[in-house]
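Q: This is the structure, below, for whatever I ask next.
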Ligand SMILES: [Zn+2]
């Protein structure tokens, strides 16, 4: 596995999200995939990231939400 494709078995789609987790905090994070994966991180395609289920009692923190640009005031 080269880490740039989805980690799900049978899926060879290019990774669009980075999945990390912390057993102690029972949290799974989804972040935008930026080309590198640290130790313990997994690449996921968008479909599998979107459909990701976490175990009961775990939190799923999706940080891929696009940043909404702040509108400029109309009168400058
Ligand atoms: Zn996938």
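Q: What length, rounded to one decimal in nm, is gained on full extension from residue 56 through to residue 26, with 0.36 nm per residue of separation minus their alpha-carbon distance?
A: 9.8 nm
Q: Please list the three semi-axes, largest first and in whole Å, of the ellipsoid equivalent to the chain, using sqrt of 5 times the eigenvalues of its alpha carbon gyration tensor.
A: Those come to 27, 17, 11 Å.
Q: Can I ask one more? Take residue 70 and residue 34, extend 7 Å from each Cα along the Cα→Cβ direction, and tell me the distance between the two endpoints in nm.
A: 2.1 nm
None of the figures in this text is laboratory data; all of them are computed from the coordinates on show. As the structure is a computational prediction, the values presented were derived from the model and not from experiment. Note that each Cβ is placed from the backbone with ideal geometry, even for glycine, and that neighbours are counted across all protein chains shown.
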